[in-house]
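To keep things clear, I will list the structure first and then write my remarks on it.
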Amino acid sequence: MKKWLLGGIIIVFCIGSALYIWLGQEMKKGTQPIADGTAQYVIVLGAKVKPGGILSLALKNRLEEAVRYLNEYPDVKVIVSGGQGVDEDRTEASAMLSYLEDKGIDRERILVEEQSTSTYENLLFSKELLPKETKRITIVSNDFHLQRAKYLANKLDLEADVVVAKTPKSVEAKLTLRERAALLKTYIIGH
């Protein structure tokens, strides 16, 4: 093997490794600041809903944390945000609404955003449901996802604190690898 080719491979490997580590550290930043009930609206970001309205583990974890938070802060309202993917038989938001109602969250506290197909759209379309003067929100999502969500909220002139849901161990490696690529893309193109 030619020395220049080997050198090129080593350089690419080193840059790729450094980028991988840096993006992992960026993702960890997403878990702060922890929400304290001061934002009047919580946005729960959608995730996969299986046929029959069965929540993916990632989405179930988000909703469990949302219920805990909403019970702790009864004056806070919630937006469930998520459209319908091609492999879903209902909108993510409708499945989330049913879950929250089943757990005793008053329907009058829940706003529904069902058009979004991405994290950026979750926040963009949810912002349209907020009172115009609202600048602070709370985002509920899995730990790996929150840095990108906060970054995108900031692009939309919203300041976000977070409620952190654990990422299911069964999908953690896949989701965190995919999120690194999504976060890098967001940092480069802005959304």
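Computed from the Cβ-Cβ distance with R0 of 30 Å, the FRET efficiency linking residue 12 to residue 166 stands at 0.35. Between the range 1-15 and the range 119-159, how many Å separate their Cα centres? Answer, in whole Å: 41. The label-point distance for residue 3 and residue 50, in a model that sets each label 7 Å from Cα toward Cβ, rounds to 5.7 nm. Translational diffusion of the chain, estimated by Stokes-Einstein from the Kirkwood radius over alpha carbon pairs at 25 °C in a medium of 0.890 mPa s, is 141 µm² per second. Taking the Cα centre of the chain as reference, the dipole from Cβ charges on Lys and Arg (+1) and Asp and Glu (-1) amounts to some 1020 debye. Here the chain carries DSSP beta bridges of which approximately 10% are antiparallel, counting only pairs with both residues inside. Can you give the angle from 0 to 90° between the axis of helix 146-155 and the longest principal axis of the chain, with both taken from C-alpha atoms, to the nearest 10? With rounding to tens, the tilt is 80 degrees. Listed by chain and number, the aspartates and glutamates whose alpha-carbon sits under 16 Å from that of residue 3, ignoring those within fewer than 8 places in the same chain, form an empty set. Which shape class, rounded, prolate or oblate, goes with the range 13-108 when its Cα gyration tensor gives a ≥ b ≥ c as root eigenvalues, a/c under 1.5 marks rounded, and past that a/b bigger than b/c marks prolate? Because a/c hits 1.5 or more and a/b fails to exceed b/c, the range 13-108 counts as oblate. Rolling a 1.4 angstrom probe over the chain with all protein chains present gives an accessible area of which 58% lies on carbon and sulfur atoms. The mean accessible area for residues of the range 63-129, using a 1.4 Å probe and ignoring ligands and nucleic acids, is 50 Å² per residue.
For the range 64-97, the residues whose backbone nitrogen is under 13 Å from a point 7 Å from the Cα of residue 156, taken along Cα to Cβ, are 79-83. Per residue, the average separation of C-alpha pairs within less than 8 Å and at least 6 apart gives the range 1-156 a relative contact order of 30 percent. Legend: residue pairs 48/135; 48/103; 48/169; 135/166, Cα-Cα distance threshold 18 Å; pairs beyond threshold, 48/135; 48/103; 135/166.
Along the axis of the charge dipole computed for the chain (Cβ charges of +1 for Lys and Arg, -1 for Asp and Glu, origin at the Cα centre), the listed residues 6, 181, 20 are led at the positive end by 6. A cut-off under 13 angstrom between Cβ atoms defines the neighbours of residue 181, and their net charge, with Lys, Arg +1 and Asp, Glu -1, is +3. Its relative contact order, with pairs defined as Cα atoms under 8 Å and 6+ residues apart, puts the range 134-177 at 46 percent.
The values are calculated or read from the model by the stated rules, or taken from the named source; none is laboratory data. Just so it is clear, the structure is predicted and the values come from calculations on it, not from any experiment. Glycine also receives a Cβ, built like all others from the backbone with ideal geometry; neighbour counts cover every protein chain displayed. Surface areas here come from the heavy atoms of the whole protein model, side chains and all, with no ligands, DNA or RNA. Shrake-Rupley method; radii C 1.70, N 1.55, O 1.52, S 1.80 Å.
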